[in-house]
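The values are calculated or read from the model by the stated rules, or taken from the named source; none is laboratory data. Computed from a predicted structure; not experimentally measured. Here the Cβ is made from the backbone with ideal geometry for all residues, glycine too, and neighbour counts use every protein chain on show.
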């Protein structure tokens, strides 16, 4: 059975894409810790990040760095945090989170009902900063 991320990639479920290439894609998470919270996901379903082939891993981190620079520029956080948890969806994904303090990385503080207009604006802001259009 396809993961939720594969279903988003395939267009079966909606997603706010901010980047896509032939190896990975990036979407805003549906439960952000802060506006701009983005996921970088390989197209290939790989459950555990330690099983990602080295060349794909390097690509994911290059894309994550590019998007993190756009998050930094667009949302002006103190830092952009990077978390790889992989508990909630069995498909490797990198969380890029604008943070001001370490407690901003507490997943118990996810916004489970974010404002759709804010999410649309955050996605458009990041796409412009990255220079990518769907």
Subset tally (residues that are in a loop (DSSP other than H, G, I, E, B), more than 25 Å from residue 2 (Cα to Cα) and touching a residue at least 60 places away in the same chain (Cβ under 8 Å)) for region 75-110: 1
Test: residue in region 7-16 that is in a loop (DSSP other than H, G, I, E, B), touching a residue at least 60 places away in the same chain (Cβ under 8 Å), out of contact with any helix residue (DSSP H, G or I) (no Cβ under 9 Å at 6 or more places or on another chain) and over 20 Å from residue 115 (Cβ atoms): no
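Here's the yes/no breakdown for (1) modelled with pLDDT of 95 or more; (2) in contact with a helix residue (DSSP H, G or I) (Cβ under 8 Å, 6 or more places away or on another chain); (3) surrounded by 22 or more Cβ atoms within 10 Å (Cβ to Cβ):
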residue: 25; (1), (2), (3): yes, yes, no
residue: 41; (1), (2), (3): yes, yes, yes
residue: 48; (1), (2), (3): yes, no, no
residue: 57; (1), (2), (3): yes, yes, no
Check on residue 36, on the phi > 0 side of the Ramachandran plot, in contact with a helix residue (DSSP H, G or I) (Cβ under 7 Å, 6 or more places away or on another chain) and crowded, with 20+ Cβ neighbours inside 10 Å: yes
Boolean, residue 70 is in a helix (DSSP H, G or I) and in contact with a strand residue (DSSP E or B) (Cβ under 9 Å, 6 or more places away or on another chain): yes
Test: residue in region 96-115 that is surrounded by 15 or more Cβ atoms within 10 Å (Cβ to Cβ) and under 19 Å from residue 132 (Cβ atoms): yes
Test set (1) under 12 Å from the mean Cα position of the chain (by Cα); (2) without any contact (Cβ under 8 Å) to a residue 12 or more places away in the chain - residue 62 fails condition number: (1)
